[in-house]
Every structure is written in C-alpha cells, then in structure tokens.
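J.: Got a structure here, written out as structure tokens. Questions coming.
The values are calculated or read from the model by the stated rules, or taken from the named source; none is laboratory data. For clarity, every value in this text was computed on a predicted model and none was experimentally measured. Cβ placement follows ideal geometry from the backbone for every residue including glycine, while neighbour counts extend to all protein chains displayed. We work out accessible area using only protein heavy atoms, side chains counted, and drop any ligands, DNA or RNA first. Shrake-Rupley method; radii C 1.70, N 1.55, O 1.52, S 1.80 Å.
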Amino acid sequence: MAFMRRSAAARGVVLVSACGLGALVLAAEVRAQGGDIETGKRVYDKANCVGCHKWHGGGGGYGGAALSLRETGLDRQGLIEAVRCGRPATRMPYHDRTAWRGTDRGCYDMTRSDLGGDLPPKAAIFLRDAEIEAVVDYVQAAIQGRGEPTREDCIAFWGDAAKQCDSM
C-alpha cells in the first residue's frame with residue numbers, strides 16, 4: 001500500500017514536470033511565432049538600431065559600417081551579449097546600464113580595465129533584460145538569415161501605407 005502511495009506521488013511529480021516542460025515548449029513556440037516580435041520591433045526602433053543597421057538589418061548604416069544582422073552567424077546568446085554589452089573596439093553601443101561596471105566579468109568574460117581604450121560607447125537609451133531579449137527575438141524572427149530585403153519586409157516594418165516601400 002505504501003509503495004502504491006509513493007508510486008502515485010512519483011507519478012504526480014512526473015506529470016507536473018511534464019506539464020511544466022510542455023508550458024516551456026509552448027512559450028517558446030509562441031515567441032517563435034511572433035508572441036513578442038512586435039515588442040522587439042518597437043525596441044529595435046526605440047533603441048535606434050535602425051540608425052546603423054537600417055530598417056532591414058542589412059547594415060552599412062547611415063553613419064557607419066554596422067554589420068549585417070541578416071548575415072550574422074551569432075546565436076541567440078551571442079546576439080543578447082552584443083546588445084547588452086556592445087562590441088569592444090567598434091561603435092556598437094552597450095544597452096545594459098550595468099555592463100562594464102567595476103571589475104565584473106559579465107561581458108565577453110572581460111572587465112572594463114581589460115579593454116583599455118576599446119570600451120564600446122554607452123547607448124543613448126538603456127534597455128531592460130526583457131527588452132534586450134525581445135529585440136533579439138525580433139532580429140532572429142524577421143531579419144537574421146534572410147536574403148535581400150523585399151517589399152513584404154518593408155511593409156512588415158513600416159506598415160501598409162508606407163511610401164518607403166513604393167519603390168521596392
């Protein structure tokens with residue numbers, strides 16, 4: 001009898017764990033299907049990613065030589081670190097106000113003093129962790145790995161009435 005109670009309790013734990021795993025998988029699918037993509041697009045605009053990477057993420061920016069987000073091979077964690085910490089020795093700014101503080105090795109396993117004069121610039125707008133993750137979700141869902149920008153990409157970014165898309 002005690003064995004059956006423990007067995008039932010163990011089955012309950014397995015069932016609860018399976019339900020928890022199912023919820024995590026569902027949350028990942030929702031995010032992949034656009035659950036937070038609109039937020040990410042708004043953050044892409046708010047943080048002025050457009051200023052260097054352009055609306056389509058192709059890079060070459062309006063005022064610099066930003067890398068193409070369409071062609072980048074960075075995975076999710078690499079993109080999060082680049083947005084959070086900037087890119088040392090480049091003009092890619094860091095968007096996490098706590099990046100590069102003191103002796104913390106939270107960015108690229110380096111400290112501020114390790115960089116010397118190669119510290120990335122501070123972003124004009126700092127982002128919260130959720131915003132950084134949302135913008136990375138947007139980049140991965142709508143930009144990364146895509147070929148040349150299309151009229152559909154333009155409309156998805158600017159909206160149906162956008163004059164910018166007329167020439168595409």
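J.: Leaving ligands, DNA and RNA out of it, report the carbon-plus-sulfur percent of the accessible area of region 34-168 at a 1.4 Å probe.
T.: Ligands and nucleic acids excluded, carbon and sulfur give 50 percent.
J.: Let me ask something else. Using a cut-off of 12 Å between beta-carbons, work out the net charge of the residues near Ala99 (Lys and Arg +1, Asp and Glu -1, Ala99 not included).
T.: Local net charge: +3.
J.: Lys122 to Glu148: extension gain in nm, 0.36 nm per residue of separation minus the Cα-Cα distance?
T.: Full-extension gain reported as 6.3 nm.
J.: Follow-up. Tell me the trypsin sites (Lys or Arg not before Pro) within region 105-168 that lie in a loop according to DSSP and have at most 11 other beta-carbon atoms within 10 Å.
T.: Details: sites: Arg105, Arg112, Lys122, Arg128, Arg146, Arg151, Lys163; in loops: Arg105, Arg128, Arg146.
Passing both the DSSP loop test and the Cβ count: Arg105.
J.: Round to the nearest 0.05 the FRET efficiency obtained for Lys46 and Ser113 when R0 = 30 Å and r is the Cβ-Cβ distance. Don't skip to the end; give the middle numbers.
T.: Working: r = 31 Å, r/R0 = 1.04.
My answer for the efficiency is 0.45.
J.: Right, another one. Among the lysines, which have Cα under 18 Å from the Cα of Lys41 when same-chain residues fewer than 8 positions away are ignored?
T.: Lys54
J.: Determine how large the accessible area of Trp55 is when every protein chain is in place; take a 1.4 Å probe and give Å² rounded to the nearest 10.
T.: Probe radius 1.4 Å; accessible area of Trp55 about 40 Å².
J.: Relative contact order (percent) for region 60-134, with alpha-carbon contacts under 8 angstrom and 6 or more residues of separation?
T.: Result for region 60-134 is 28 percent.
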